[in-house]
Amino acid sequence: MKELMVGVLQLPTLGMNATRLEFYLKKAKERNCKLLLFGEYVLNHFFKELVDMPKSMVKEQTASHIETLKRLSKEYDITLVAPIVEIKGNKYYKKIVKISPKSTSYYTQQILINYPHWNEEAFFDNPITTLKEPTVFNIEGFKIAIMAGFEIHFDRFWESIQRKRVDLVLLPTVSTFSSKYRWRELICTRAFVNNCYILRANRVGDFLEEDTRWNFYGDSMLVNPDGDIDMKLEDRESMLIEPISKSELSESRRGWGFMAQLKKRGEL
């Protein structure tokens, strides 16, 4: 049975302090973990906090963490995937960096939240354009896709996941307020109807805006291709490491037959 050990680091914002990462990477290596996912706004502060931070500090924060992750990836032979804030000129961009022992690449988030109380679209300068397919890469025979948290809501991305027969979707989030059970249901449903694993990393910690407390509640999880939660974390700093299995993927796809129905109609 072919397996791949994957994990989540559930953390609050690290700021410029990365000393905890060394501890967790050592533990992940001991479990033979090959892929570790971070939540949103862990390497950088929450976007509402960035308004009051000098751009030079944000830029230095991002560069420092990327260099640290590059070193740790090589030292422990683990691929690291983490949302970051990139600054070019005077503009902010919301991206996800994938750092393997041999290479570094970036995925630019394509759809950002634009609600009155949470308007990332207005703050960041990510281009609004025709949608592109999510980044897909391979680790030990497993096809893995990167999807920014808000993008889970849009079917266009999932059409690509099905067409490319992705085994695992990485979903970094920054979910808050009373959305815990809605997110659980959404993630489980997406995993089930696409017969793939979803690894969700949600950050922890608080942000106080006037009289409103934004509580980032964790609940990071691994959901299997049948839409069941294999393992989840609670609401504090912690790490999740679990295997994903080729045989479980095959059994789920063969048993439910969703892809077969599309394939014989020429949709895949």
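Derivation of every value follows stated rules applied to the coordinates shown; laboratory data play no part. Computed from a predicted structure; not experimentally measured. Quick reminder, even Gly has a Cβ in these numbers, built from the backbone with ideal geometry, and neighbours come from all protein chains shown.
Give me the extension gain from Asn114 to Lys55: residue separation times 0.36 nm, minus the current Cα-Cα distance, reported in nm with one decimal. Let's see the in-between values first.
Working: separation 59, 0.36 × 59 = 21.24 nm, distance 2.22 nm.
Answer, rounded to one decimal: 19.0 nm.
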For the chain, calculated [θ]222 nm from helices alone, where every DSSP H run of n ≥ 4 adds -39500 (n - 2.57): -9000 deg cm²/dmol
Cubic angstrom per residue, convex hull over Cα atoms of the chain: 128
Vicinal HN-Hα couplings computed from phi for the stretch 231-248 (Karplus, 6.51 cos²θ - 1.76 cosθ + 1.60; Hz; Gly/Pro x): 7, 9, 9, 8, 10, 9, 4, 5, 10, 10, 9, 9, x, 10, 10, 5, 5, 5
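Are there any chymotrypsin sites (Phe, Trp or Tyr not before Pro) in the stretch 88-164 that are in a DSSP loop and have at most 14 other Cβ atoms within 10 Å? List them by number.
Working: sites: Tyr92, Tyr93, Tyr106, Tyr107, Trp118, Phe123, Phe124, Phe137, Phe142, Phe150, Phe154, Phe157, Trp158; in loops: Phe124, Phe154.
Answer in residue order: Phe154.
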Loop trypsin sites (Lys or Arg not before Pro), the stretch 33-131 (other Cβ atoms within 10 Å of the site Cβ: 11 or fewer; DSSP): Lys102
Whole-Hz ³J(HN,Hα) from phi, Karplus 6.51 cos²θ - 1.76 cosθ + 1.60, for the stretch 153-161, glycine and proline x: 6, 10, 4, 4, 5, 6, 4, 5, 4
Compactness index (Cα Rg / 2.2 N^0.38 Å), the stretch 113-268: 1.12
Span from the the stretch 79-139 Cα centroid across to the the stretch 140-160 one, whole angstrom: 13
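Name the shape class, rounded, prolate or oblate, that the alpha-carbon gyration tensor gives for the stretch 14-153, where a ≥ b ≥ c are the square roots of its eigenvalues, rounded holds for a/c under 1.5, and otherwise prolate holds if a/b is larger than b/c and oblate otherwise.
On the way: a/c = 2.09, a/b = 1.33, b/c = 1.57.
Here the stretch 14-153 falls in the oblate category.
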Full-extension gain in nm, Asn32 to Lys246, via 0.36 nm per residue minus C-alpha separation: 75.3 nm
In nm, spacing of pseudo-spin labels at Ser178 and Thr130 (7 Å Cα→C-beta vector): 4.2
Most fluctuating residue given options Ser73, Ser64, Ser179, as computed from a GNM of the chain linking Cα atoms under 10 Å: Ser179
In order through the stretch 65-81: 3J(HN,Hα) via Karplus (6.51 cos²θ - 1.76 cosθ + 1.60), integer Hz, x for Gly, Pro: 5, 5, 5, 5, 5, 4, 5, 5, 4, 5, 5, 10, 6, 10, 7, 10, 10
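Tell me, what is the percent relative contact order of the chain, built from C-alpha pairs under 8 Å that lie six or more residues apart? Write out the running numbers ahead of the final one.
Values: 547 pairs, mean separation 55.6, N = 268.
21 percent.
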Under DSSP loop assignment and at most 14 Cβ neighbours within 10 Å, longest GluC sites (Glu not before Pro)-free interval of the chain: 1-139
Relative contact order (percent, whole number), the stretch 48-126, Cα cutoff 8 Å, 6+ residue spacing: 22
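May I ask what percent, to the nearest 5, of DSSP beta bridges between residues of the chain are antiparallel? It would help to have the intermediate numbers written out before the result.
On the way: 41 of 57 bridges.
Roughly 70 percent of the DSSP beta bridges within the chain come out antiparallel.
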